[in-house]
């Protein structure tokens, strides 16, 4: 036991757990939150059963749990809530409407403006709501101009990731790197301390996304076919001489050849609603509410000798079933949705939203309603795209849903009267941190309190804005980082890296660290890569006798280069489903972008910091 407490075994075990964590993070079989919890439990058991006697005393499990109260985590959670308030009040909507107007006048310049504005917003707000704001605009532009949506969506999504690099609050990754580096003795970085290299590198990246990326992407066919048959809800009224009169519902369905959806049955002048049970005896005067295509409904009218009505109007040549009463729309299950992980039957989708789900799209695979895979028991996941049909009013009502994003942009999100107030509070959060009056964790918490007290956001939406996987990944990453530093594991890895690069210039060593972080962030969690990489970067700089800042920034920028795979970041998955992209499309566009930015930063960081 004595040898275990004082030897290097803890460092080896921690490094083994780090490798295990990276492997599990890269796998899609186990949820990220579950992997994080597993690693956190294993770390806590290790140091509780076998405490590590370091130079600063014993390291116990309780020291690893400090991540739950870490200022970086507090700041990340507070900014999540503040960003959600901007979305809920519609504060960003005027920007979207202005962009939509510009597209009609100068499409090419409007595309550039969209990329730049998306990047600028993402420097201060989490890029997920920014992408959610811009997706409907770009989908609408694609439908109106005939421009392939694939030319617009991925470049815009990647532009928001680039914008997040510019400030300490741009991404949770930035907050973690800056906070961990400060914990290890580096000076506290200000909000705009690395904005110059971010603007230079990001500017080149935006030009690439504007001029080059659309030419690298193959055109992808839109999944929404305007010729898809509409399924109308209509009434079939039974008369004395109707074939359905005095027959049970099951007999009537057999007469119709089966495969018919009966919604409910209305009886009497008051329209008493009856459940469509098989043994229900139909009578003259009953109104059977059914769903079907116009041709199918007309066929039933003839077969049953019933009268077909759409609402209170008879269906005839003067009053046909019209497409203007129905819409097809694609809706996305957004991150943090209460629908995530639940089935269509669990949430009573039809009754809740009064919409018909025609098909489900998931990562390049249609699960059609007629197939065996898409049923009421299909479990929804964040990023799934549903093809729904319903009345114009019901789809418009869906715009205010907290769970679904409508991609056709035919109805604008209403702007709350509190939208200007939400913007003012967000600007106050940024200003307090930017000018050094308050730490970002404190200013963000004060801003959240102000938004709650002024009604910009409700507690229900505030708690929904918090992502359990993100919280657990951050806490587990901080625990792994603490364990690596305290046991000497970070120094061991830094020494091994310097030894392998023996004879290379500090610039090449920094470049290697930058590309290593870029690779890791595309296959594992970017937060984990950042927290694990920061103490290693400081160790490398110390052993080389070089300034610490450029090596820490190499980790920060590298961990943000989540461009080359769809699973690297949640907005990549959102864009992938909306634009019908393949995995290879992300590699085709994202890999050159990552290499371009890596090359620029390789020369820029050493020059700026006097290496």
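The values are calculated or read from the model by the stated rules, or taken from the named source; none is laboratory data. Just so it is clear, the structure is predicted and the values come from calculations on it, not from any experiment. Counting neighbours? That spans all protein chains shown, and the Cβs are built from the backbone with ideal geometry, glycine included.
Checking the condition surrounded by 21 or more Cβ atoms within 10 Å (Cβ to Cβ) and in a helix (DSSP H, G or I), which residue from 431, 496, 483, 450 passes?
Answer to the check: 483.
Given the conditions (1) over 19 Å from residue 163 (Cβ atoms); (2) at pLDDT below 90; (3) part of a helix (DSSP H, G or I); (4) under 25 Å from the mean Cα position of the chain (by Cα), report the number of the one that residue 523 does not fulfil.
With respect to (1) over 19 Å from residue 163 (Cβ atoms); (2) at pLDDT below 90; (3) part of a helix (DSSP H, G or I); (4) under 25 Å from the mean Cα position of the chain (by Cα), residue 523 is out only on (3).
Hey, can you tell me all the residues within segment 49-80 that are in a helix (DSSP H, G or I) and under 17 Å from residue 485 (Cα atoms)?
61, 62, 63, 64, 65, 66, 67
Evaluate the following for residue 518: is it within 25 Å of the chain's Cα centre (by Cα), touching a residue at least 24 places away in the same chain (Cβ under 8 Å), crowded, with 23+ Cβ neighbours inside 10 Å and in a helix (DSSP H, G or I)?
yes
If you go through segment 22-40 one residue at a time, do you hit one that is closer than 22 Å to residue 530 by Cα, out of contact with any helix residue (DSSP H, G or I) (no Cβ under 8 Å at 6 or more places or on another chain) and at pLDDT 80 or above?
yes
Yes/no per residue for (1) surrounded by 22 or more Cβ atoms within 10 Å (Cβ to Cβ); (2) assigned to a helix (DSSP H, G or I):
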{"site": "536", "(1), (2)": "yes, yes"}
{"site": "539", "(1), (2)": "yes, yes"}
{"site": "554", "(1), (2)": "yes, yes"}
{"site": "557", "(1), (2)": "yes, yes"}
{"site": "561", "(1), (2)": "yes, no"}
{"site": "576", "(1), (2)": "yes, yes"}
{"site": "588", "(1), (2)": "no, yes"}
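Can you name every one of the strands (runs of 3 or more DSSP E) wholly within segment 175-286 that holds 2 or more residues which are at pLDDT below 80 and closer than 30 Å to residue 147 by Cα?
Once the strands (runs of 3 or more DSSP E) in segment 175-286 are filtered for at least 2 residues that are at pLDDT below 80 and closer than 30 Å to residue 147 by Cα, nothing remains.
Which residue out of 97, 88 is modelled with pLDDT under 80 and surrounded by fewer than 24 Cβ atoms within 10 Å (Cβ to Cβ)?
Unique residue meeting the criteria: 97.
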